Structure formats: structure tokens, C-alpha cells
Amino acid sequence: MKANQGYSTEEAPSHGAGSFFLHARFRRRVKIREKIGRGGSVLARMAGVSLFLPRCRVCGSDLVLAGEKIICRDCRQKVRLSEENQCRTCGKFIPAGIEACGSCLLLPPPFLRHVSYAAYEGTLREVIILYKYGEVEALKTFLASLYLEMVRKKLPAGFQAVVPVPIDRQRRHGFMPVRTMGRLLARELKIEFSPALLGKIKSTPPQVGLSQAQRKSNLDGAFIFAQKQKLAGKKILLIDDVTTTGTTINKCAALLKKNGAQVTALTLAQTRF
Ligand SMILES: [Zn+2]
Ligand SMILES: [Zn+2]
């Protein structure tokens, strides 16, 4: 039995993803015995099971439980829907006892509501990085299930379409993380998936690493409403992975609203300021 038999091609360590994977490799020190106990380890050996099991790509422990793939059950369970107080409109974390943030009171955003699963930190952040930059596509089902959980627990029923935020033209090849999750979400909700409704016509540097002022102007004129159709009251779920200033969501929601849609935005995580 080959040492790497337990890996699928998706699970094999990826090159070019930077220090994240190097770091993860050095943390892979949890022995199979610690996870399934002494008896289990002996049984595994008797059954001829390789000790070179695939490892959790987040914490490095061996994946020994039924159904564990890419990331272990413990890590999955650490990803929880936030219970922190959020602005009822834009989803920003705000002190307990306050219903809406100052910006929403001053200038209501173009969406009805934005719900973010949790803060962009800890295990959730690592899983998103692994999926988005490590291109571990097999995580799409797990991450898409987080959008579904938000829809079921925090929003009323009745959405008619899922629209992913568009990406730069030159990146429109191969793996498209948000679009991939959007397709799964729409399928699960049995509603339309409309990735071509919005387009991105200006290539922009990633929002991360820019100042707040640069982030706001970076996306000026970047998005367009790409289809000649009126949306007349259509209830749309606009999805993105991570939100920083909310500029992307605001600009995309404004275009959809201008064409008649009622927009609710969903993101997996939001950064703290
Ligand atoms: Zn883990
Ligand atoms: Zn707000």
C-alpha cells in the first residue's frame, strides 16, 4: 500500500499557495492513536489500513472518522453561525442592545439586509483561504451549506434567484469560488442561478491591503448590469465570500435595485475593524 493512498488529488498538498500550506504541514503531528484510541489503532493495523491517512488541512489531525474529508469534524464544528449582535440591516458587528448602525440610520443601503455567517477569523478564515486560494474545490459543499443555514435560520422564504458578485474578466477561467458556491445554493433552494446578470468591466486590485478610502474608490465603475431585463420586484440573494468595507455588495446591490430587484446579501465572513 502506498504511503499517499489516502489522498485524493484534491487533498494532496498544493504548490504555490504560500506559507499557509507549509505551516499546515508542520502542524501535522497528531497521531492516529490519539484520535481513535489504542484499540482502534491495532484494529486498523490488523485490517491493513495505512497509517498514512489523509490529514485535516486546517489542524493537521488524521482524518479517521467516517465521512471526514479535507477537514476534520472538530474543525467543521468550530465553524458556527455568529451569535454576536449585528446591525439588523447591514450585518456589521455592533455593541449589544443597539439594533442598527449609524451608517444605516443615516443612509439606508441598497439591499434589504446583509447577513454574514461570522467574523473573518479562526477556523472559518482558514477554511475560506484553503478553498479560495488553495483551490480545494471539494470544500464547496461545506461552505455552500453555510449560506443555506443563514437562509433557513435568519431569512424569510421566497427568494427567486441567486446572483454571485462578478469577478475580473481575466480571472474568469478555471475555478470561480463564489460562483461555484452560488450554483450549489441555488440548486439546494430550487431557485434560479443568474451569474450573468452582473458583469465586472474594470480589473481591480484585491480590496485586502488597500486603505479604507482606496477600497471605496477602487471599485468605482467596476460593475455593470449586464442583461437587458427588468427585475420588477424579484427577490434576489446576492452572495460574496468575504466582505471588508461592504463596497462590493453595495455597488452590486445598487445595480440590481436600480433594475427593480429586492436584494438580500449573504457573505461567509466579515472582517472586523
Ligand atoms: Zn481539523
Ligand atoms: Zn448597518
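Throughout, read-outs are computed from the coordinates displayed, never taken from laboratory work. Model, not experiment: these values are computed from the prediction. Positions of Cβ are backbone-derived with ideal geometry, glycine not excepted, and every protein chain shown enters the neighbour counts.
Of the DSSP beta bridges with both residues in the stretch 79-270, give the percent that are antiparallel, rounding to the nearest 5.
15 percent
Once every Cα of the stretch 79-270 carries one equal point scatterer and solvent is ignored, give the base-10 log of I(q)/I(0) from the Debye formula at q = 0.08, 0.09, 0.12 Å⁻¹, two decimals.
-0.23, -0.30, -0.55
Treating the beta-carbon of each Lys and Arg as +1 and of each Asp and Glu as -1, no other charges, what is the dipole magnitude of the stretch 79-270 about its Cα centre, to the nearest 20 debye? Please report the intermediate quantities before stating the final value.
Details: 28 positive and 14 negative charges, 157 e Å.
Dipole magnitude for the stretch 79-270 comes out near 760 debye.
Distance check, please: which entries in Lys153/Lys200; Lys154/Lys202; Lys92/Lys132; Lys78/Lys132 exceed 29 angstrom between their Cα atoms?
Lys153/Lys200; Lys154/Lys202
What aspartates and glutamates could a cross-link reach from Lys234, if we take a straight Cα to Cα line under 20 Å and drop same-chain neighbours fewer than 8 places away?
Correct list for Lys234: Glu188, Glu192.
Percent antiparallel among DSSP beta bridges with both residues in the stretch 190-273, to the nearest 5? Before the final figure, lay out the partial values.
Working: 3 of 11 bridges.
Antiparallel bridges make up about 25 percent of those DSSP assigns within the stretch 190-273.
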